[in-house]
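The values are calculated or read from the model by the stated rules, or taken from the named source; none is laboratory data. Remember, it's a predicted structure, so these values are computed and weren't measured experimentally. Cβ sites come from the backbone with ideal geometry, for glycine too, and all protein chains shown count toward neighbours. Just so you know, the surface numbers come from the protein's heavy atoms only, side chains and all, with ligands and any DNA or RNA stripped out. Shrake-Rupley method; radii C 1.70, N 1.55, O 1.52, S 1.80 Å.
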Amino acid sequence: NNTLFEFACSGDSITGGQAEAVGVSCIRLGRSTLDLCNPEHVQQAAGQLEALPGADAWASVTCTHHSPIQNLNIHRHGKPYQKKPRKKQKESEQLLQYAIQFLERALELGGRAAFELPAENALWKNQHLRAFEERACMKRVYFHGCALILKGKDGKHVKKPWCVSTSDLRLIQFLSQH
């Protein structure tokens, strides 16, 4: 199958654009199409995946709420500030749970799976993600966005450390060169 599902992505994601540029059909599952924190919508997404056995899946969840800067803000502003980020963190953790389910289903159907976040994001310590990585024999690879000539919406190169956890040996080999 020459299809990539992107779970929790933007409608104009770089990954999807690059996939399409090399002839891979990309199905973007993001806020503009589905509420991926709604179990019924996640089931609908899984149904699309099941209709294309062997399709690959790439997932990314909202990273802002688990970033190192959030820890700094909580420390700096104290307990009153902590309530709002904690609610958003719980939403990100729920989205992560659904992303894991989606990636597991892709693997069961013969596809490959990848999950990406900034390298310093606290979600990498999530016990459910770690357990999934172990079950699925996923490996992590670290690289800088600028090494892949990634650009932000402002057109500037993204100098940010990233991590991808994947079941795809070729992807590990490619990204580890950067």
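Can you give the accessible area per residue of region 121-167, in Å², using a 1.4 Å probe? Walk me through the numbers on the way to the answer.
Details: 2890 Å² over 47 residues.
Accessible area per residue: 61 Å².
So how far apart, in nm, are the two label points at Q48 and K153 if each is 7 Å from Cα heading toward Cβ?
With each label placed 7 Å out from Cα toward Cβ, I get 2.1 nm.
Apply the a/c threshold of 1.5 to the C-alpha gyration tensor of region 80-155 and tell me whether it is rounded, prolate or oblate. Let's see the in-between values first.
Details: a/c = 1.95, a/b = 1.10, b/c = 1.77.
Since a/c reaches 1.5 but b/c is at least a/b, the shape of region 80-155 is classed as oblate.
So how many Å³ per residue does the convex hull of the Cα atoms of region 42-178 work out to?
On the way: hull volume 17.3 nm³, N = 137.
It comes to 127 Å³ per residue, whole-number rounded.
Taking a cut-off of 25 Å, what percent of all Cα-Cα pairs in region 1-108 are separated by more than that?
On the way: 1708 of 5778 pairs.
Tail of the P(r) past 25 Å holds 30 percent of the pairs.
Do the sum for the chain: with -39,500 (n - 2.57) for every DSSP H run of n ≥ 4, divided by all residues, what is the mean residue ellipticity at 222 nm, to the nearest 500 deg cm²/dmol? Show your work: numbers first, answer last.
Details: 6 runs with 77 residues, N = 178.
When only DSSP H runs of four or more count, the value is -13500 deg cm²/dmol.
Using a 10 Å Cβ count of at most 16 others and DSSP loop calls, identify the longest part of the chain lacking such trypsin sites (Lys or Arg not before Pro). Before the final figure, lay out each step's value.
On the way: sites that count: R31, K153, K156, K159.
By the stated rule (loop sites, at most 16 other Cβ atoms within 10 Å), 32-152.
What is the local net charge at H41, summed over the other residues whose Cβ is closer than 12 Å to its Cβ (Lys, Arg +1; Asp, Glu -1)?
Values: positive: R31; negative: D35, E40.
Here the charged neighbours net out to -1.
Near A8, within a Cβ-to-Cβ distance under 11 Å, what is the net charge of the other residues, with Lys and Arg +1 and Asp and Glu -1? All intermediate terms of the calculation are to be shown ahead of the outcome.
Values: positive: R28, R31; negative: E6, D35, E116.
It works out to a net charge of -1.
Please list, or write none, the lysines whose alpha carbon is within less than 17 Å of the alpha carbon of K139, excluding same-chain residues fewer than 8 places away.
Here the lysines satisfying the reach criterion relative to K139 are K125.
Compute the signed sum of charges (Lys and Arg +1, Asp and Glu -1) over the other residues within less than 13 Å, Cβ to Cβ, of C26. It would help to have the intermediate numbers written out before the result.
Working: positive: R28; negative: E6, D12, E20, D56.
Every neighbour counted, the sum reads -3.
Per 0.36 nm of contour for each residue apart, how much would the distance between E134 and E108 grow if the chain were fully extended, relative to their Cα-Cα spacing? Walk me through the numbers on the way to the answer.
Values: separation 26, 0.36 × 26 = 9.36 nm, distance 1.50 nm.
Taking 0.36 nm per residue and subtracting the Cα distance, the gain is 7.9 nm.
Going from the alpha-carbon gyration tensor of region 124-178, what semi-axes, largest first and in whole Å, does one get by taking the root of 5 times each eigenvalue? Could the numbers behind the result be given before it?
Details: eigenvalues 122, 38, 11 Å².
Rounded to whole Å, the semi-axes are 25, 14, 7.
Starting from region 105-178, pick out the chymotrypsin sites (Phe, Trp or Tyr not before Pro) whose DSSP state is loop and whose Cβ has at most 12 other Cβ atoms within 10 Å.
Passing sites in region 105-178 do not exist.
With the contact rule set at Cα under 8 Å and sequence spacing of 6 or more, what percent relative contact order holds for region 1-137? Kindly include the intermediate steps, with their values, before the conclusion.
Numbers: 193 pairs, mean separation 38.2, N = 137.
Dividing the mean separation by the residue count of region 1-137 yields 28 percent.
What shape does region 24-71 take by its C-alpha gyration tensor, where a ≥ b ≥ c are the square roots of the eigenvalues and a/c under 1.5 counts as rounded, a/b above b/c as prolate, and the rest as oblate?
Judged from the Cα gyration tensor, region 24-71 comes out prolate (a/c at least 1.5, a/b above b/c).
Considering only protein heavy atoms, with the full assembly of protein chains and a 1.4 angstrom probe, order L148, L34 by accessible area, largest first.
On the way: L148 45, L34 15 Å².
So the residues, ranked largest to smallest area, are L148, L34.
Taking 0.36 nm per residue of separation and subtracting the Cα-Cα distance, what length does fully extending T64 through Y142 add?
On the way: separation 78, 0.36 × 78 = 28.08 nm, distance 1.87 nm.
Taking 0.36 nm per residue and subtracting the Cα distance, the gain is 26.2 nm.
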